[in-house]
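What follows is a set of notes on a single structure, which appears directly below.
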Amino acid sequence: MRRPTFAWGVLLLPLPVVFLALMVGRYPISPGEVWAALTGGEVAEVVRALVLRIRLPRVGAAALVGANLAVAGAVYQGVFRNPLVEGRLLGVSSGAGLGAALAFLLYRQPVVVQAFAFTGGIAGVALTSLLGWAFGAGVLVLVIAGVLVDSFLSAVLGIVKYAADPLGTLPAITYWLLGGLSGVRAPDLLPLGIASAIGLSFFLLFRWRVNLLTLADQEAEALGVRVRVTRFLVVGMGTLLVASAVSVSGIVSWVGLLVPHAARAVVGPDYARLLPAAAGVGAALVVVLDTVARTALTAEIPLGVLTGLLGAPLFLVLFLRFLRERGGWR
Amino acid sequence: MTLRTKDLVYAYVPGRPVLRRVSLDLRSRETTFLLGPNGSGKTTFLDCAGGLRAPGEGEVLLEDHPLASFSARQRARLVGYVPQFHEPPFNFTAWEVVLMGRAPYVRWLSQPSARDRAAAAEALTALSLEGFRDRPYYTLSGGERRLVLVARGLAQGAAFLLLDEPDAHLDPANQHRVLRAVQEVVAKGLGAGVSSHSPNNALLYADRVALFSSGEILATGVPSAVVTPPLLERAYGIPFVAVGDGNGPRAVLPSLT
């Protein structure tokens, strides 16, 4: 069974999807008009504004969020040698949620919310890593530290929600936590774009060596890998991807868990091919889902709710397949 | 070349050393078997000799250079390690597993080169595994998996290979395949250190044997001189008899009482 080598082709998958997404909306736009708006051709000013100022930032954010979550999820599954984890394992989402909630409580400005969420996410993982490092930096220790930090930060988030104004701030926090891209405007893309550029290009270059982190620590050491340093660098880059995504989109579940498996089913587990494929599939998927979220009903469906509705049944299928492959639960 | 260990002391728990002043030389073109009961220090010795654990006292020298003075990457180009188990979380193919052996040659932000691929292909060929190239690791039998790991060690291009119980949990035919493969790469110039629980395999495949007991080496020498009932009884604590055909022992068995 030789695996196909079109992983790089998958990386192009988001392009047509993005183009279609730009056409769809409450005000449908023809392909010609979208093309004209994108390339600076002749088109009505209102259409150009709609495509470039309203839809493109949102669709672009969706693509980056999808790529980031998928790549980070794939990497985390390797680093933690567990096919059933994703990038939120180490407390990034509870940290980001707490940061966002504090920002709503104190400032209520979107830019501040994004900055606080990003900082909170990084701080959550930093706390986990600190605990993990103190207890020897093993994989299992990190996971346990992640559970601790996640649970603790969620409790603190509970306090913030309890203290929040139930008519103004609390709904804002709740809606943010549900996840969605409806509030995205062009300036929000800048920090997300920079973080994604750093994280995604790092993993694009480093991708083959992620394979080595799936080995037992001693095996990897014997192959000359400095396991602890490498693991923390890779987890750090993954956290950058997830925190920047979550700070814009709120909590979008399942993408980071399921997309890597979909990509693996097509190109195999070798990270040299897996990471480009996961990035392409993740970006395309979230663009599609976000387009559904903003067009299916007259009211916006929270993106996180949509991924949750689709994710749980897909996860069941995946889990049954996993059991069959391993011949049962070990 | 010689991978020399001098007066190694190692303790997992302070005050209870599992290695007590162990000195042993592994040489190129030689298969050295490490025998001894569970907990006698064989695996810890391999870890220290491979640079994966820093001994509390004593030193490991490659020729005359302390192994600890090499970077992890340089060390991995000199001493390879074949673990007893390898349980990847994903179903990598044999080829992908073997290619990972090239890790010490692939720079940080780059991918395996044509040379790395050639070396991995050569390692597969050396162990007659070409047909398994694209087989997922989980579909391989125990013996085939062990051979793939030996191939990965070979792809590493090291001068010494340390193998942790490569004959454990294998049927006799597969034990033979794996240890014969080790013999063949040793004949081409490598040095091998093999820990094992089978004195009979030592008689069949070793050039030299070191017999461990309670963190010390009881005896070192050619198999026929070390794998003898009196020495084995001192190491394992039960009586043995040797079965032979006049040219020295062919096998040893626990003597029934």
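Every read-out reported here was derived from the displayed coordinates using simple, explicitly stated rules and does not represent laboratory data. All values derive from a computational prediction rather than experimental measurement. Reconstructed Cβ throughout: ideal geometry from the backbone, glycine too, with neighbour counts over all protein chains shown.
Below are the figures for this structure:
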item: Most positive-pole-ward Cα, B:LEU163, B:GLY246, B:GLY215, against dipole of the stretch B:162-257 from beta carbon charges; result: B:GLY246
item: Over the stretch B:85-225 - Rg/Rh using Cα atoms and the Kirkwood inverse-distance radius; result: 1.00
item: Sorted by Cβ density within 10 Å, fewest first, the residues A:VAL112, B:VAL226, B:VAL13, A:VAL75; result: B:VAL13, A:VAL112, B:VAL226, A:VAL75
item: Farthest toward positive dipole pole in the stretch A:46-197 [+1 Lys/Arg, -1 Asp/Glu at C-beta], among A:ILE194, A:LEU177, A:LEU148; result: A:ILE194
item: Descending semi-axes in Å of the stretch A:161-269, equivalent ellipsoid built from Cα gyration tensor; result: 35, 16, 15
item: Average silhouette area of the stretch A:1-133, convex hull of alpha-carbon atoms, in square nanometres; result: 12.6
item: Per residue convex hull volume, Cα atoms of the protein assembly as shown, in Å³; result: 177
item: Convex hull of the stretch A:42-83 built on C-alpha atoms - directionally averaged projected area, nm²; result: 3.5
item: Pairs of Cα atoms farther than 15 Å apart, the stretch B:1-77, %; result: 54
item: Residue order, fewest to most beta carbons within 10 Å, for B:VAL60, A:VAL255, A:VAL141; result: A:VAL141, B:VAL60, A:VAL255
item: Rg followed by Dmax, in Å, when the stretch A:277-330 is reduced to its Cα trace; result: 14.9, 47
item: Charge dipole (debye, nearest 20) of chain A; +1 at Cβ of Lys and Arg, -1 at Cβ of Asp and Glu; result: 540
item: Antiparallel %, DSSP beta bridges [both residues in the protein assembly as shown], to 5; result: 60
item: Chain B: most fluctuating residue of B:PRO55, B:PRO37, B:PRO172 per GNM, C-alpha cutoff 10 Å; result: B:PRO172
item: Kirkwood hydrodynamic radius (C-alpha pairs) into Stokes-Einstein, the stretch A:211-330, 25 °C and 0.890 mPa s, D in µm²/s; result: 148
item: Shielding of B:70-83 by partner chains, average beta-carbon count, 10 Å; result: 3
item: Relative contact order computed over the stretch A:231-330 (Cα-Cα under 8 Å; 6+ residues apart), in percent; result: 30
item: Sites matching trypsin sites (Lys or Arg not before Pro) across the stretch B:161-202 that sit in DSSP coil, with at most 14 neighbouring C-beta atoms within 10 Å; result: B:LYS188
item: Ellipsoid equivalent to the stretch B:1-131 - semi-axes via the Cα gyration tensor, in Å; result: 30, 17, 15
item: Helix-derived mean residue ellipticity, 222 nm - over the protein assembly as shown, DSSP H n ≥ 4, -39500 (n - 2.57), to 500; result: -18000 deg cm²/dmol
item: Rel. contact order, % - alpha carbon contacts under 8 angstrom, at least six apart, chain B; result: 25
item: Three semi-axes of the equivalent ellipsoid, the stretch A:198-258, Cα gyration tensor, whole Å, largest first; result: 26, 12, 10
item: Rg/Rg_ref, the stretch B:92-151, where Rg_ref = 2.2 N^0.38 Å and atoms are Cα; result: 1.09
item: Among B:PRO199, B:PRO223, B:PRO88, residue whose mean-square fluctuation peaks in a GNM of chain B (springs only between Cα atoms under 10 Å); result: B:PRO88
item: For chain A, Kirkwood radius (reciprocal of mean inverse C-alpha pair distance, Å); result: 20.4
item: Gaussian network model of chain A, springs between alpha carbon atoms under 10 Å - residue of A:ALA62, A:ALA277, A:ALA163 with greatest fluctuation; result: A:ALA163
item: Local electrostatic count, B:GLU59, Cβ distance below 15 Å [Lys/Arg +1, Asp/Glu -1]; result: -1
item: Computed magnitude of the charge dipole of the stretch A:143-292 (debye, nearest 20; Cβ of K, R +1, Cβ of D, E -1); result: 240
item: Of every Cα-Cα pair in the stretch B:145-230, the percent that sits beyond 17 Å; result: 47
item: Kirkwood Rh (inverse of mean 1/r, distinct Cα pairs), the stretch A:81-234, angstrom; result: 17.2
item: Cα radius of gyration and Dmax for chain B (Å); result: 18.5, 63
